[in-house]
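Visitor: My questions all concern the structure below.
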Amino acid sequence: MGRAVSARFKPGDRVLVKMEDRPGHIRTPWYVRGKRGWIERVYGEFRNPETLAYGGDGLPKRPLYLVGFEQSQVWNKYEAAKDKLFIDIYEHWLEPA
Amino acid sequence: MSDHAPHGGSHMHDFEAHVRAVEEDLEYYRAKRIEPRVFTFLRRGILSFGDLFDAAAGKPGTQNGDGEAKDMEQRIRALEDSLDDYVREIGLVTSSVGGNVDVVTEDTRVERGDYNEFFRLTRREYRGSLEERVAQLTADVERNRRVLDVLARALIKNGVLGEATLQKNREALKTAGPWHGGRIVARAWTDSDFKRRLVSEGRPALRELGIPPGRLGKLGVLENTESVHNVIVCTLCSCYPYDLLGDTPWWYKQDIYKKRIIADPRAILEEMFELKLPASMEVRVHDSTSDVRYMVIPRRPSGTDGMQEAELAKLVTIDSLIGAGEATAPAEVGHQKETPWGHPKPRPRDY
């Protein structure tokens, strides 16, 4: 039950943040849902805060990634082409892009 | 006037900004941290109003009127120090509650109205002259500390909080604080192997400095260079390595900071922190949304060759640990200008 799953993505993989709307203790900010980025780093596995916050055990653990985005892809009018945004996102919020 | 202020002798230039920061912090801790928690305890039957009144009756209020004539700067410093003590005590009490009491993050969020305006505690507005606001804030910090003290006593009485645990945690806390940030950065500036370990491993590398690695998850360390500038935010709440670096500056928890730093970092850094980044530099915003807490290693200022670690550590400001400022140049120590939001006060009390 509490066994961890292994990481599905590796650094460099292109990913899409799922466009989902559901209530609860969600750690994926709205402004990156539906946006494309890449895996910058694999942080390992952590208890899932979406259930932990309600008194659950947060198991099974979920892989957590540092995901990079080009700012110009996140915001319509972002000028500085090189600027980036990095966010920690759990695997169940990501799909291959 | 006083040159023995514990902050490298830097003077306060903008009383208004300091007082406003205290107002923001105090309200945040009262309305978001402590009072909603009290409601949870009451609802669960962990405490009753009777318990709280009993605990309050057991101890008369402290009188802090030391009658000593102080100038405005000294009064504001004293207020900030008292607020710091309050904040530390909150961390201490809330982290020491244990046993079979199961109060989780979401309870506090619900109770303080994150999801429903109905629950939101009315924000207190401070009005009047600076003098009046400082007097009111000084009284309010004391009153809030008393609420916390009464809460702790009632929890001890009900066996929810152990005095031994409290004492143990109090000792551990004495060594935590923002000045750790200065020590960490100074070591990273002078020891590239340490820096490499710090950036790749995070907390475990801190043992080399005798700093307790803390409990709050993984530590992400971001190095600012000539070509890359990192800045940190937590848009969903206020994640920050508190246990390691102490409390954040007040603006870190403001919605306006959160909103603008993700979408227009260059503009807000320039307007609010007077930090203008060249177009050639890449700006990286890190939104700390989950289990990783971040700190920034600011660039080492020029003119610091040959300086000792302890001296270098004093150049590190709270803002620079977040990426909202640069480390102070040696020539500017004691003359730092205050920016609209900038908070040059590093509070390195233990040097």
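The values are calculated or read from the model by the stated rules, or taken from the named source; none is laboratory data. None of these values were measured; they are calculated from a predicted model. Here the Cβ positions follow ideal geometry from the backbone for every residue, glycine too, while neighbour counts run over all protein chains shown.
Visitor: Among the listed residues A:G34, A:G58, identify the single one that is touching a strand residue (DSSP E or B) at 6+ places or on another chain (Cβ under 9 Å), in a loop (DSSP other than H, G, I, E, B) and either in contact (Cβ under 8 Å) with a residue 60 or more places away in the chain or more than 14 Å from every other protein chain (Cβ to nearest Cβ) (or both).
Guide: A:G34
Visitor: Okay, moving on. Go through segment B:9-58 and give me each residue that's within 30 Å of B:G159 (Cα to Cα) and among the basic types (K, R).
Guide: B:R30, B:K32, B:R33, B:R37, B:R43, B:R44
Visitor: So A:H92 passes all but one of these: (1) surrounded by fewer than 16 Cβ atoms within 10 Å (Cβ to Cβ); (2) part of a loop (DSSP other than H, G, I, E, B); (3) not β-branched (V, I, T). Which condition number does it fail?
Guide: Failing condition for A:H92: (2).
Visitor: Only one residue in B:L79, B:L83, B:L52 is away from every other protein chain (no Cβ under 14 Å), at pLDDT 80 or above, more than 20 Å from the chain's Cα centre (by Cα) and buried (at least 18 other Cβ atoms within 10 Å of the Cβ). Which one?
Guide: That would be B:L52, the only listed residue that is away from every other protein chain (no Cβ under 14 Å), at pLDDT 80 or above, more than 20 Å from the chain's Cα centre (by Cα) and buried (at least 18 other Cβ atoms within 10 Å of the Cβ).
Visitor: Of the residues that make up segment A:77-85, is at least one at the interface with chain B (Cβ under 10 Å from one of its Cβ atoms), outside any loop (DSSP other than H, G, I, E, B) and either of a type in the set (D, E, K, R) or in contact (Cβ under 8 Å) with a residue 24 or more places away in the chain (or both)?
Guide: yes
Per-residue answers, yes or no, for (1) loosely packed, with under 15 Cβ neighbours inside 10 Å; (2) more than 14 Å from chain A (Cβ to nearest Cβ); (3) more than 19 Å from the chain's Cα centre (by Cα); (4) not charged (D, E, K, R):
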residue	(1), (2), (3), (4)
B:K258	no, no, no, no
B:P265	no, no, yes, yes
B:F273	no, yes, no, yes
B:K276	yes, no, yes, no
B:V283	no, no, yes, yes
B:D287	no, no, no, no
B:D291	no, no, no, no
B:I297	no, yes, no, yes
B:D305	yes, yes, yes, no
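Visitor: From the set of residues in segment B:86-117 that are in contact with a helix residue (DSSP H, G or I) (Cβ under 7 Å, 6 or more places away or on another chain) and of a type in the set (D, E), which is modelled with the highest pLDDT?
Guide: My answer is B:E111.
Visitor: Among the residues of segment A:10-69, write down those that are among the aliphatic types (A, V, I, L, M), surrounded by 20 or more Cβ atoms within 10 Å (Cβ to Cβ) and out of contact with any helix residue (DSSP H, G or I) (no Cβ under 7 Å at 6 or more places or on another chain).
Guide: Those that are among the aliphatic types (A, V, I, L, M), surrounded by 20 or more Cβ atoms within 10 Å (Cβ to Cβ) and out of contact with any helix residue (DSSP H, G or I) (no Cβ under 7 Å at 6 or more places or on another chain): A:V15, A:I39, A:L64, A:V67.
Visitor: Report, by residue number, each residue of segment A:6-19 that is closer than 21 Å to A:E45 by Cβ, assigned to a loop (DSSP other than H, G, I, E, B) and not polar (S, T, N, Q).
Guide: A:A7, A:R8, A:F9, A:K10, A:P11, A:G12, A:D13, A:K18
Visitor: Can you tell me which residue within segment B:204-215, out of those that are more than 14 Å from every other protein chain (Cβ to nearest Cβ) and either closer than 21 Å to A:V32 by Cα or assigned to a helix (DSSP H, G or I) (or both), is modelled with the lowest pLDDT?
Guide: Checked segment B:204-215; the qualifying residue modelled with the lowest pLDDT is B:R207.
Visitor: Looking at segment B:216-288, what strands (runs of 3 or more DSSP E) fall wholly within it and have at least 1 residues that are in contact with a Ser or Thr (Cβ under 7 Å, 6 or more places away or on another chain)?
Guide: Answer list for segment B:216-288: B:228-233, B:282-287.
Visitor: Let me ask something additional. For segment A:61-74, give me the residue count where each residue is without any contact (Cβ under 8 Å) to a residue 24 or more places away in the chain and at the interface with another protein chain (Cβ under 9 Å from one of its Cβ atoms).
Guide: Going through segment A:61-74 one residue at a time, the tally reaches 1.
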